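Colleague: Take this structure, written in structure tokens, and hold onto it; I'll ask about it next.
The values are calculated or read from the model by the stated rules, or taken from the named source; none is laboratory data. Given the structure is predicted, the values throughout are model-derived calculations rather than measurements. Using ideal geometry, Cβ is built from the backbone for each residue, glycine included, and neighbour counts are taken over all protein chains shown. For the accessible areas, the whole protein counts, side chains as well, though only heavy atoms, and no ligand, DNA or RNA atoms are used. Shrake-Rupley method; radii C 1.70, N 1.55, O 1.52, S 1.80 Å.
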Amino acid sequence: MNKVIVIYGPTAVGKSAIAVELAKIIDGEIISADSMQIYKGLDIGSAKVTLDEMQGIKHHLIDIKEPSEDYSVAEFCENAKRIIPEIISRCKTPIIVGGTGLYLKSLISNYDFDNTEKSQIFRNSLKGLSNEEIYNKIIELDPNAEIDINNRHRLIRKLEKLTMPTKQSQNSKNDFEYILFAIYDDRQKIYDRINARVDKMVENGLLQEAKYLLSLNLSEDNLAMKAIGYKELFGYLRGECTLEQSKELLKQKTRNYAKRQFTFMNQFPNRIDVDFAGVKQTSLNIAKIIGEN
């Protein structure tokens with residue numbers, strides 16, 4: 001069975017750089033599993049890998065949508081399952097990398113998105129739950145979720161959207177062997193990198209990207225509008241707070257997201273934990289493990 005390498009970890013742990021170095025070692029191509037790097041024009045806020053950083057390694061599922069368009073978990077799985085055999089046909093190894101855990105979980109678990117449950121039955125089952133309980137269920141499924149805990153209608157709709165996929169029967173197997181590597185590093189080091197990265201992003205033009213996104217007059221439900229990295233700056237652009245306040249909010253939200261990603265790793269029981277030891281050494285360590293499998 002063909003191997004598909006999956007690299008997951010908290011934001012700012014170095015996943016993209018590790019994937020590139022690994023691809024150079026094992027002759028791979030990279031599939032992005034990031035819900036924001038799909039969008040054209042949103043480069044800095046999504047920490048999108050640049051052309052130089054790609055180092056000639058082919059990347060997939062980057063810059064495939066306009067900010068006005070939605071992109072679902074089901075669509076990611078469909079695209080990934082189409083691209084993986086294409087990469088294998090070129091005698092290369094697929095490497096999936098990204099921080100959107102729900103994408104990876106749905107793909108690896110081989111979810112079936114053809115759900116026939118009636119929405120009303122599902123919603124009735126939530127009547128006895130508080131908003132906080134529904135919110136906690138959402139965060140368990142999608143650590144990246146940003147939603148008003150006081151808006152019960154949106155909470156239920158969000159949980160319904162996340163819960164609609166149902167796992168296929170045990171007789172249904174993946175066509176590929178997914179080997180998932182979870183990259184770990186000291187949390188304080190991750191948080192320090194996040195703080196420094198936010199400052200660098202603002203210096204490199206993050207405000208201009210946020211202004212562009214705001215100028216599109218998209219609805220609040222739009223995926224890009226809810227993305228960490230942009231919405232925290234909207235207050236400053238609207239004159240509601242200072243730039244420093246927006247930057248601190250962005251740092252805090254990103255640190256919280258990284259914390260949820262650490263927790264989400266536990267939903268992958270068959271993962272291989274790898275301590276970050278620098279980009280090159282970590283990629284060599286992963287390559288050695290792959291060779292032993």
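Colleague: Filter segment 147-157 down to the residues that are surrounded by 14 or more Cβ atoms within 10 Å (Cβ to Cβ) and part of a loop (DSSP other than H, G, I, E, B), then identify the one that is modelled with the highest pLDDT.
Modeller: I149
Colleague: State whether the residues of segment 106-123 include one that is at pLDDT 95 or above and part of a helix (DSSP H, G or I).
Modeller: no
Colleague: Follow-up. Right, I57: touching a strand residue (DSSP E or B) at 6+ places or on another chain (Cβ under 7 Å), at pLDDT 95 or above and open to solvent by less than 20 Å² (accessible area, probe 1.4 Å) or not?
Modeller: Taking the combined requirement at face value, the residue does not satisfy it.
Colleague: Go through segment 254-278 and give me each residue that's open to solvent by less than 50 Å² (accessible area, probe 1.4 Å) and of a type in the set (A, V, I, L, M).
Modeller: A258, M265, I272, V274
Colleague: Would you point out which residue out of G128, G98 is out of contact with any helix residue (DSSP H, G or I) (no Cβ under 6 Å at 6 or more places or on another chain) and open to solvent by 70 Å² or more (accessible area, probe 1.4 Å)?
Modeller: The conditions single out G128.
Colleague: Further question: Name the single residue, out of those in segment 33-87 being among the acidic types (D, E) and assigned to a helix (DSSP H, G or I), that is farthest from K161 (Cα to Cα).
Modeller: D52
Each row is one residue, and each column tells you yes or no for (1) surrounded by fewer than 14 Cβ atoms within 10 Å (Cβ to Cβ); (2) in contact with a helix residue (DSSP H, G or I) (Cβ under 9 Å, 6 or more places away or on another chain); (3) not in a strand (DSSP E or B).
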| site | (1), (2), (3) |
| --- | --- |
| K189 | yes, no, yes |
| L207 | no, yes, yes |
| S219 | yes, yes, yes |
| I228 | no, yes, yes |
| C241 | no, yes, yes |
| S246 | no, yes, yes |
| I290 | no, yes, yes |
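Colleague: Filter segment 191-205 down to the residues that are over 20 Å from the mean Cα position of the chain (by Cα) and part of a helix (DSSP H, G or I), then identify the one that is surrounded by the most Cβ atoms within 10 Å (Cβ to Cβ).
Modeller: Top of the filtered list is V202.
Rundown of residues vs (1) β-branched (V, I, T); (2) more than 22 Å from D275 (Cβ to Cβ); (3) open to solvent by 10 Å² or more (accessible area, probe 1.4 Å), yes/no style:
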| residue | (1), (2), (3) |
| --- | --- |
| N2 | no, yes, yes |
| V13 | yes, no, no |
| A19 | no, no, no |
| K24 | no, no, yes |
| D27 | no, yes, yes |
| I31 | yes, yes, no |
| A47 | no, no, yes |
| D52 | no, yes, yes |
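Colleague: Could you check N270 against (1) within 30 Å of V4 (Cα to Cα); (2) part of a helix (DSSP H, G or I); (3) of a type in the set (S, T, N, Q) and say which number it fails?
Modeller: It fails just one condition, (2).
Colleague: Now for a separate question. State the number of residues belonging to segment 5-15 that are closer than 24 Å to N110 by Cα and out of contact with any Ser or Thr (no Cβ under 8 Å at 6 or more places or on another chain).
Modeller: So the count comes out to 6.
Colleague: State all residues of segment 33-45 that are without any contact (Cβ under 8 Å) to a residue 40 or more places away in the chain and open to solvent by 20 Å² or more (accessible area, probe 1.4 Å); if no residue qualifies, say none.
Modeller: Within segment 33-45, just K40 meets the criteria.
Colleague: Same structure, new question: So which pairs qualify, if the first residue must be in segment 237-252 and under 20 Å from R193 (Cβ atoms), the second must be open to solvent by 70 Å² or more (accessible area, probe 1.4 Å) and modelled with pLDDT of 95 or more, the Cβ gap must be under 7 Å, and the two must be at least 6 apart or on different chains?
Modeller: Listed pairs, sorted by first residue: S246/Y236.
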